[in-house]
Every structure is written in structure tokens, then in C-alpha cells.
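Here is the structure we will look at.
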Amino acid sequence: MEVLVMVYQERVAWAQLIASVITLAGYVVVVLVQADGGDLASVDWLPLMLWTIGAGIVLSILISVVWGIIAGMRDREATTASDIRDRDISRLGGRVEHAFLVIAGLGVIALCGIGAGLFWIANTMFLGFAVSALIGGIARVIAYRRGLV
């Protein structure tokens, strides 16, 4: 049985993807619980959003470090290797992320234009960041697994 070795950048992409899913789901659940069937905009969203962003960063780093330590025990040289493919995959993921951030930005502009509340404006941008991280991570993982065309 062949053991799959992931390079550092692929492990980071996976770690960020896992952390994004966990923290976004956690944020949505806490907002819904705090709203308790009432108006979502009444939730004290700012501290929750900031804590979620911070938790996502910390979780991503922790997953990446622990995974790196485990991978390094198996084959240190293979797990720290990097080449031009890593750079190209990173660029691909960045382009995908950028597209979704632009869409979120346009949504925020539209919400501002109609005078929407801060809750909706901030959460649209937050969701845009989350979706861009998820889709960018998925694009990177697919590129690592299937290659660049």
C-alpha cells in the first residue's frame, strides 16, 4: 500500500479548509441560538464575529503545526519540499478567492445602497470571506489531487 505524502502547502490548504468549515458552522450556530427564533440583527454579532475570526486563525495554525509534526516524523524531507507547482496552485487558489471576495464586496455595496443594517452588511462581508476561503481551499486541494490543467 502506497502512503500518500503531502507537501507543506497542501497540508496548509487542508488545515485552512477544515478550520474554515468548523468556525463558519460554529458562528452560524451561535448566531441562530442567540437569536432564539427572533430577529437575527438583534444578536450582539461583533464580538462573536471577531472571536470567530481569531479562532479560525488559531485553529488553522494548530491543525497545520500538529499535522506537520506528525508528517515530519514519517518523512521530514518530503513533507517540507516545495516546487513551482506549489506556487502555481497557490496562485490558482488566490484567483478563485479573489473572485468570491469581489462578489461579496458588490453585495456589501448593494446593501449599503439600500440602507441595510450593519448586521447584514458585516455578515455579508464575513460570509464572503468565509466562502472565498472555502472555495479557494477546495480549488487548491483539487489542484493538488488532480493536477493543474
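Points worth noting:
- Residue in segment 88-100 that is surrounded by fewer than 18 Cβ atoms within 10 Å (Cβ to Cβ), of a type outside the set (D, E, K, R) and in contact with a Phe, Trp or Tyr (Cβ under 9 Å, 6 or more places away or on another chain) present: no
- Which numbered condition Val43 fails, given (1) surrounded by fewer than 18 Cβ atoms within 10 Å (Cβ to Cβ); (2) farther than 25 Å from Tyr144 by Cα; (3) over 22 Å from the mean Cα position of the chain (by Cα): (1)
Here is a yes/no grid of residues against (1) part of a loop (DSSP other than H, G, I, E, B); (2) of a type in the set (Val, Ile, Thr); (3) open to solvent by 40 Å² or more (accessible area, probe 1.4 Å):
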{"residue": "Val12", "(1), (2), (3)": "no, yes, no"}
{"residue": "Leu17", "(1), (2), (3)": "no, no, no"}
{"residue": "Leu59", "(1), (2), (3)": "no, no, yes"}
{"residue": "Gly68", "(1), (2), (3)": "no, no, no"}
{"residue": "Ala71", "(1), (2), (3)": "no, no, no"}
{"residue": "Asp86", "(1), (2), (3)": "no, no, no"}
{"residue": "Leu106", "(1), (2), (3)": "no, no, yes"}
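- Conditions (1) over 20 Å from Val7 (Cα atoms); (2) at pLDDT below 95; number of the one not met by Arg91: (1)
- With respect to the stated conditions, Val21 fails to be surrounded by 12 or more Cβ atoms within 10 Å (Cβ to Cβ) and farther than 15 Å from Ile138 by Cα.
Okay, residues lined up against (1) touching a residue at least 40 places away in the same chain (Cβ under 8 Å); (2) of a type in the set (A, V, I, L, M, F, W, C); (3) touching a Lys or Arg at 6+ places or on another chain (Cβ under 6 Å):
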{"site": "Asp36", "(1), (2), (3)": "no, no, no"}
{"site": "Ile63", "(1), (2), (3)": "yes, yes, no"}
{"site": "Gly72", "(1), (2), (3)": "no, no, no"}
{"site": "Asp86", "(1), (2), (3)": "yes, no, no"}
{"site": "Leu111", "(1), (2), (3)": "no, yes, no"}
{"site": "Thr124", "(1), (2), (3)": "no, no, no"}
{"site": "Gly137", "(1), (2), (3)": "yes, no, no"}
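The values are calculated or read from the model by the stated rules, or taken from the named source; none is laboratory data. As the structure is a computational prediction, the values presented were derived from the model and not from experiment. Because the Cβ atoms are built from the backbone with ideal geometry, glycine has one as well, and the counts that use them run over all protein chains shown. Calculation scope for accessible area: heavy atoms of the full protein, side chains included, ligands and nucleic acids excluded. Shrake-Rupley method; radii C 1.70, N 1.55, O 1.52, S 1.80 Å.
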